[in-house]
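Here is the structure we will look at.
Where a number appears in this text, it was derived from the coordinates with a stated rule and is not lab data. What you see is a predicted model, and the numbers here were worked out from it, not measured in a lab. Every residue, glycine among them, receives a Cβ derived from its backbone with ideal geometry; neighbour counts consider all protein chains shown.
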Amino acid sequence: MHLQPSALHAAPVSAPAGMARAVASGCPGASVPLSGRSRNGHDAPMSPEPGDTDWSAQLRRVAEGDRAAFALLYAHFAPRLKSFMLRSGAGETLAEDIAQDVMASVWHKAPQFDAARAGASTWIFTIARNRRIDDQRRAARPEPEVLDWGPEPEPDPTEALSVQAETDLLHRALHGLPQAQRELIERAYFGEQSHREIAVLTGLPLGTIKSRIRLALDRLRHGMDRS
Amino acid sequence: MTDRDDTAGAPHAPAKHPGAALLSAYAAGTLSESFDLTIAAHVSLCDACRAEVMSFEALGGGLLETMPPAPLARAMPEPAADRRPQATPGMQEAAARDGDLPAPLERYAGTSSARLRWRAVGGGVMQIILKAEGPGRARLLRIPGGMAMPHHGHRGIELTLVLGGAFHDGTERFARGDMQVAAPALEHMPVAEEGQPCICLAVTDAPLRFTSLLPRLAQPFLRI
């Protein structure tokens, strides 16, 4: 299998001037992925490991209006969003439209992103999921009651680091997953089959993520009790 | 989560919770609207399941991150000069009291808990049908204490979320926030607990596309 084309090269990006600077300078805290990864990572030795780029940090820059950071996020996520939508059954045009729409939402909603709560890819996934549902239904997706995640206006850096570490771990585990298992998860997420199978899947570090969130929710509830 | 059996999924869901299969399908966005609504309402009342949904969202993020990039046809549009003002996710008034509707349900009922317009369906049972696109039918039920819960069908997975009062199914007591997941074959005879009425959200029919073609039988008792 040949290497996937670079996310950057795949997108005929007419980047704002800032983007070229960001790429050239290495953009502190971020390295630009030079190539995409194959599905299971085995035959893409040149690919960077997941986590080489701190997408959460880039999202925080986008929240401050940093267009170069947005261009980096776009170059990475837009082709993956399109790929995700194509696998979900969207046609070429719709997949492209949704990918573009989701990235526009990323730009507009970036100030709401909380790195202490979820990784950048998780946050972008939820925007894409809701966008796909909006396409299929008249009503917006029913969401749980909103919880204020914490009293601090600034995200808790320790919590954000835990999220980052867990996210990296999960992405590495996904890369290392046997193809058959990967396809099982994909089929469930793309609505092609029951979720019963992924419910019994083992080997993915979802338990640690769940435990941390549970702890954060407990702290949140107790904080609310005091107030 | 010592009270949870994390390996189970519907229809063998852990007692009183939706189970990993439904929670992951909710996170993936592959459920019908009425099932989405029921899970959103349960998650509003259950932190364990909220955490589980968020971990499945992280898995979705992982899938997205590890997709092979597809070439884009169009160039990146210039980001808008002004951001559209986004609704700040402030704290919603949490539905705290027994019988109050969680926020996602209030939206579907079209009113606050205090102003619900119940319709009698016989035997003292009242209901409100919620408008959700099919497959799946969602309704609020208000069953007088001590009365048997009306059967609402066994053609697919059936979800019952208690919002006020409680019911017993012979072995378990289900109170506010508890969800009963009943498989088509399950024989159960739930009875509302003596005292205050049991208010619950009941959703029937198949949640997933591949089972959505199961026939829907007439339900004369509930006039549906």
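Near the amide H of B:Ala138, within less than 5 Å, lie the amide hydrogens of B:Leu130, B:Ala132, all on another chain or at least 5 residues away, with H placed in the peptide plane. Neighbouring Cβ atoms from other chains, within 10 Å of the Cβ of residues in A:180-188, number 2 on average.
For B:Thr171 and B:Arg83, FRET efficiency with R0 = 56 Å and r from the beta-carbon atoms, rounded to 0.05?
On the way: r = 54 Å, r/R0 = 0.96.
That pair, B:Arg83 with B:Thr171, gives E of 0.55.
In this structure, A:Asp101 and B:Arg97 have a Cβ-Cβ separation that, at R0 = 51 Å, corresponds to a calculated FRET efficiency of about 0.80. Separation of the alpha carbons by more than 30 angstrom is noted, of A:Lys109/B:Lys16; A:Lys82/A:Lys210; A:Lys109/A:Lys210; A:Lys82/B:Lys16, for A:Lys109/B:Lys16; A:Lys82/B:Lys16. For the listed peptides B:48-58, A:210-220, a ranking on the average number of other beta carbons within 10 Å per residue, highest first, reads B:48-58, A:210-220. Relative contact order, whole percent, for segment A:51-186 stands at 24, derived from Cα pairs under 8 Å and 6 or more residues apart.
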